[in-house]
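To start, I am sharing the structure in question, which I have written as structure tokens.
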Amino acid sequence: MPSSRIEFHMITIPTVGRGGQMSPFASRSGNPPRGLPTQHSVPSMFATAAARRSTGAAARIWRSISTSTHRLTPDAGGEPARLRGVQEFLDFRRAHPEQCAVVVGALDEWPMLGPDWGPERLRDEHGDVEVPLEVSTGGADYRDAYREDAPRSRSRTFQADHLVRLGDFIDAFVLGGRDVPPGVNAYLAQHDLLARIPELSDACSPTPPHVGDGDDAQRERTMRRCWLGPRGTQTPLHRDPYHNVLAQAWGTKRVVCFPPSDENKMYPFTANGFLRNTSTIEDVDDADESKFPLFSKAGRVTTTLNPGECLFMPAGTWHEVRATSASLSVSYWWGRRGTGPAGA
């Protein structure tokens with residue numbers, strides 16, 4: 001296709017030409033659009049890293065930078081259990097069917113965690129792949145596209161499926177090698193990037209053995225999606241109908257979770273069907289007690305997910321996710337609430 005450029009609220013990103021602009025309510029994946037960042041903040045040293053080629057040394061340098069954590073606020077609540085091995089995971093599932101857990105060691109065989117993979121290699125070898133971004137200004141997220149009570153503002157906007165070259169996105173937002181206006185951010189969210197790039201799929205293999213609750217047939221049917229973006233990207237407090245394993249490949253994410261049984265304390269949207277799985281609480285660290293009096297009584301657990309770790313969340317778990325560095329994650333979804341290993 002011929003190359004073109006699309007102007008989006010002060011930021012110009014090279015994109016592949018297409019007829020017309022997709023509605024911000026659309027989602028190529030068939031799922032509702034996910035959350036977008038609250039701010040754009042990339043360490044200046046990423047600009048230097050962007051100039052390097054995808055050598056093993058460069059990948060190691062980038063990984064050491066990107067995995068440094070940034071604590072957003074003091075966390076309330078406990079931490080999820082840490083498990084190793086499929087049997088320990090299944091025993092935990094049976095004993096605690098509503099609880100989250102961090103699984104370690106499940107990604108040890110992933111080439112993605114080795115010294116030769118980093119964002120530069122993804123940019124250099126697969127930069128021409130066209131990907132749909134979620135683009136926001138002024139701290140907007142997918143709630144702004146659906147909620148009817150949100151005031152319309154030219155400074156706070158959200159757009160889904162903004163098509164760009166993967167290499168341009170990585171340069172501008174992940175590596176920070178291009179100037180981006182303040183308040184503008186982009187996220188490759190909930191996209192089946194592994195199906196688009198077989199080499200990347202091979203690098204994120206094998207599928208963690210506890211996915212599908214240890215059942216090989218169920219694991220083969222699992223839905224798999226990628227999340228790639230800079231520090232500051234955020235998915236607001238919401239729940240998914242499926243069991244979820246979030247596998248962290250690069251960088252770090254802070255995840256705050258609440259059990260499915262605490263739904264009455266989550267204050268979901270009620271008038272808009274698209275947002276009934278999403279909370280009206282804007283910030284889990286600073287919820288207005290006068291508006292959300294039950295929220296502080298919910299069973300909160302918080303973890304920082306590091307490269308090579310997986311977070312299991314049972315179906316219906318309410319969770320907010322924030323990238324504390326540039327980050328690549330893979331989600332695995334299967335089953336529904338009430339399904340699990342025998343006895344769960």
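Report the calculated FRET efficiency for Ala195 and Glu220 (r = Cβ-Cβ distance, R0 = 22 Å), to the nearest 0.05. Before the final figure, lay out the partial values.
Working: r = 14 Å, r/R0 = 0.65.
In this case the efficiency is close to 0.95.
Ranked highest first by the average count of other Cβ atoms within 10 Å around their residues, in what order do 110-118, 271-279, 227-235 fall? Working shown, then result.
Values: 110-118: 18.0, 271-279: 16.1, 227-235: 26.2.
Ranking, from highest mean packing down: 227-235, 110-118, 271-279.
Something else: Taking H placed 1.01 Å from N in the peptide plane, check which residues at least 5 places from Ser205 or on another chain put their amide H under 5 Å from its amide H.
Amide H neighbours of Ser205, under 5 Å, 5+ apart: Met112.
Return the sequence-ordered ³J(HN,Hα) values of the range 169-185 in whole Hz as given by the Karplus equation 6.51 cos²θ - 1.76 cosθ + 1.60 applied to θ = phi - 60°, using x for Gly and Pro.
After applying 6.51 cos²θ - 1.76 cosθ + 1.60, I find 4, 4, 4, 6, 10, 7, 8, x, x, 10, 5, 10, x, x, x, 9, 9 Hz.
How high is the FRET efficiency between Ser205 and Asp286 when r is their beta carbon distance and R₀ equals 30 Å, given to the nearest 0.05?
Working: r = 40 Å, r/R0 = 1.33.
So, using R0 = 30 Å, E works out to roughly 0.15.
Per residue of the range 193-210, in order, report the coupling 6.51 cos²θ - 1.76 cosθ + 1.60 (Karplus, θ = phi - 60°) as ³J(HN,Hα) in whole Hz, putting x for Gly and Pro.
For the range 193-210, the Karplus curve yields 5, 5, 6, 7, 10, x, 5, 5, 4, 5, 6, 9, 10, x, 4, x, x, 7 Hz.
Once the Cβ-Cβ distance between Val104 and Ser153 is put in as r, and R0 is 56 Å, what FRET efficiency do you end up with, to the nearest 0.05?
Details: r = 43 Å, r/R0 = 0.77.
Taking R0 as 56 Å, the efficiency between Val104 and Ser153 is 0.80.
Now, a different point. Quick one: Karplus J couplings for the range 299-310, per residue in order, coefficients 6.51, -1.76, 1.60, θ = phi - 60°, nearest Hz, x for Gly and Pro?
My calculation for the range 299-310 gives x, 8, 10, 9, 9, 9, 8, 9, x, x, 9, 10 Hz in order.
Which far-off residues, 5 or more places away or on another chain, put their amide H under 5 Å from the one on Leu83, with H placed in the peptide plane?
Under 5 Å from the amide H of Leu83: Val102, Val103, Val104.
As an exercise, take the mean of 1/r over every pair of distinct alpha carbons in the range 104-234, invert it, and state the Kirkwood radius in angstroms. Spell out each step's value before the answer.
Working: mean 1/r = 0.0602 Å⁻¹.
Its Kirkwood hydrodynamic radius stands at 16.6 Å.
Taking amide H positions as placed 1.01 Å from N in the peptide plane, with prolines and chain starts having none, which residues 5 or more places from Thr317, or on another chain, fall under 5 Å of its amide H?
Hits under the 5 Å cutoff: Asp240.
Hey, what D do you get for the range 245-344 in µm²/s if you plug the Kirkwood alpha-carbon radius into Stokes-Einstein at 10 °C and 1.306 mPa s? Could you put the intermediate results ahead of the total?
Numbers: Rh = 14.9 Å.
In µm²/s, the coefficient rounds to 106.
Oh, and also: May I ask you to compute the full-extension gain from Glu79 to Glu130, defined as 0.36 nm times their residue separation minus their alpha-carbon distance, rounded to one decimal in nm?
Details: separation 51, 0.36 × 51 = 18.36 nm, distance 3.82 nm.
Computed gain between Glu79 and Glu130 is 14.5 nm.
Checking the a/c ratio against 1.5 first, then a/b against b/c, what shape does the Cα gyration tensor give for the range 177-273?
Working: a/c = 2.08, a/b = 1.03, b/c = 2.02.
The shape class here is oblate.
Rule-based calculations on the coordinates, nothing more; no lab input. The structure displayed is predicted, hence computed values, not measured ones. Methodologically, a virtual Cβ is constructed for each residue, glycine included, from the backbone with ideal geometry; neighbour enumeration extends over all protein chains shown.
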